[in-house]
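The values are calculated or read from the model by the stated rules, or taken from the named source; none is laboratory data. Keep in mind it's a predicted model, so treat the numbers as computed, not measured. Reconstructed Cβ throughout: ideal geometry from the backbone, glycine too, with neighbour counts over all protein chains shown. Please note that ligands, DNA and RNA were not included when accessible areas were found on the heavy atoms of the full protein model with its side chains. Shrake-Rupley method; radii C 1.70, N 1.55, O 1.52, S 1.80 Å.
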Amino acid sequence: MKRSYLYILLLFWVSSSCQNSIAIDNIQDIPKATVQDQRYADVFKILDGYWKGKFLIFEDKNPVLKDQLDLKDISFSTFQKRGLKQINSIQVEQIYTSETPYFQKVTITDFYPDSGKKVISEGVNKIQEGQMWCVVKKPDETVIHAGSTKGKSTIVWQRNEKDPQKIEYFKETVSQQFYEIIGWGYYQGDDPKLSPKLWFYAKYKRQNLD
């Protein structure tokens, strides 16, 4: 009798584990919240709403050895000190909607003024298995960043992929009216022993949802 009971419990545990197993790149299904997720409850809530602004891309024409810069402590003044050259500007609209304290959907519309091209992407910010994730499905790729908090209003997103090389660091700071992003990236052909070739800055303003 005891053995049969344990067997039933084992079957139930295996069945539940399979049902709750959701791939990180899944942006449709909401993962079951766990005890380890609770410390992140409502971490994305302040982003809920409609945001609009410009995402600027800069190039460093004179890279230095990587250890000469603190790449985790960056601000817009870093851009000015490095003499970075702006090479692109993207007009961005983002709409965030929290479905639970741990799962937030986002629709991102990127407009490229030079070409007139518009790109719409869907994604989520989510807490899964005690880890913060940002997953964005663009028309041509799925982008996944792991996250961590830095104080009460800043989230740091990072990814480190080797083939092809995509190493990125983004620091996002959110207030009631503004949403600032600052970061950098290494891509295929870039030397990660040097300072990043590409840098990013954005400042979005909260809009009224009509």
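Would you point out which residue out of T109, T100, T173 is β-branched (V, I, T) and within 25 Å of I74 (Cβ to Cβ)?
Numbers: T109 fails: within 25 Å of I74 (Cβ to Cβ); T100 fails: within 25 Å of I74 (Cβ to Cβ).
On inspection, the qualifying residue turns out to be T173.
Residues that are more than 30 Å from S21 (Cα to Cα): list the strands (runs of 3 or more DSSP E) wholly contained in segment 82-179 that include at least 2 such residues. Before the answer, list the steps.
Values: elements: 85-100, 103-112, 117-128, 131-137, 142-149, 154-162, 165-174.
Here the list reads 85-100, 103-112, 117-128, 165-174.
For segment 57-81, which positions are in a strand (DSSP E or B) and either without any contact (Cβ under 8 Å) to a residue 40 or more places away in the chain or open to solvent by less than 50 Å² (accessible area, probe 1.4 Å) (or both)? Walk me through how you get there before you give the answer.
Keep residues of segment 57-81 that are in a strand (DSSP E or B), which gives 57-59, 65.
Once the filter is applied, which keeps residues that are in a strand (DSSP E or B) and either without any contact (Cβ under 8 Å) to a residue 40 or more places away in the chain or open to solvent by less than 50 Å² (accessible area, probe 1.4 Å) (or both), segment 57-81 yields I57, F58, E59.
Could you look through segment 22-51, keep only residues that are open to solvent by 40 Å² or more (accessible area, probe 1.4 Å) and of a type in the set (D, E), and pick out the one that is farthest from the chain's Cα centre (by Cα)?
The qualifying residue farthest from the chain's Cα centre (by Cα) is D29.
Can you name the residue in segment 122-154 that is out of contact with any strand residue (DSSP E or B) (no Cβ under 8 Å at 6 or more places or on another chain) and open to solvent by 30 Å² or more (accessible area, probe 1.4 Å) and is also farthest from D29 (Cα to Cα) among such residues? Explain how you work it out, then say what you get.
Within segment 122-154, the first condition is being out of contact with any strand residue (DSSP E or B) (no Cβ under 8 Å at 6 or more places or on another chain), and the residues that meet it are 128-130, 140-141, 151-152.
Next cut, open to solvent by 30 Å² or more (accessible area, probe 1.4 Å) only: 129, 140-141, 151-152.
Values: E129: 14, D140: 21, E141: 19, G151: 29, K152: 27 Å.
Looking at the filtered set, the residue picked out is G151.
So which residues in segment 187-206 are assigned to a strand (DSSP E or B), in contact with a Leu (Cβ under 8 Å, 6 or more places away or on another chain) and of a type outside the set (A, V, I, L, M), if there are any at all?
Passing the criteria: Y187, W199, F200, Y201.
Give K117, K54 a once-over and let me know the one that is under 21 Å from the mean Cα position of the chain (by Cα), within 19 Å of A202 (Cβ to Cβ) and surrounded by fewer than 17 Cβ atoms within 10 Å (Cβ to Cβ).
Numbers: K117 fails: under 21 Å from the mean Cα position of the chain (by Cα).
Answer to the check: K54.
Residues being touching a Leu at 6+ places or on another chain (Cβ under 8 Å) and closer than 16 Å to Y204 by Cα: count how many of those fall in segment 64-89.
Of the residues in that region, 1 qualify.
Inspect all residues belonging to segment 134-154 and state whether any of them is among the aliphatic types (A, V, I, L, M), touching a helix residue (DSSP H, G or I) at 6+ places or on another chain (Cβ under 6 Å) and in contact (Cβ under 8 Å) with a residue 24 or more places away in the chain. Break it down into steps so the answer makes sense when it comes.
Taking segment 134-154 as the starting set, the residues that turn out to be among the aliphatic types (A, V, I, L, M) are 135-136, 143-144, 146.
Narrowing further to those that are touching a helix residue (DSSP H, G or I) at 6+ places or on another chain (Cβ under 6 Å): none.
No, there is no match, as no residue in segment 134-154 is among the aliphatic types (A, V, I, L, M), touching a helix residue (DSSP H, G or I) at 6+ places or on another chain (Cβ under 6 Å) and in contact (Cβ under 8 Å) with a residue 24 or more places away in the chain.
Which one of these does D163 not meet: (1) more than 19 Å from N88 (Cα to Cα); (2) charged (D, E, K, R); (3) touching a residue at least 12 places away in the same chain (Cβ under 8 Å)?
The one condition D163 does not meet is (3).
Could you say whether any residue in segment 176-196 is among the aliphatic types (A, V, I, L, M), over 17 Å from the mean Cα position of the chain (by Cα) and open to solvent by less than 70 Å² (accessible area, probe 1.4 Å)? Explain how you work it out, then say what you get.
From segment 176-196, those among the aliphatic types (A, V, I, L, M) are 181-182, 194; that's our starting set.
Right, trim to over 17 Å from the mean Cα position of the chain (by Cα) and you get 194.
Cutting the leftovers down to open to solvent by less than 70 Å² (accessible area, probe 1.4 Å) gives us 194.
Within segment 176-196, one or more residues are among the aliphatic types (A, V, I, L, M), over 17 Å from the mean Cα position of the chain (by Cα) and open to solvent by less than 70 Å² (accessible area, probe 1.4 Å).
Only one of these is of a type outside the set (D, E) and at pLDDT below 95: F76, F58, F103, F44. Name it.
On the way: F58 fails: at pLDDT below 95; F103 fails: at pLDDT below 95; F44 fails: at pLDDT below 95.
Only one candidate passes the filter, namely F76.
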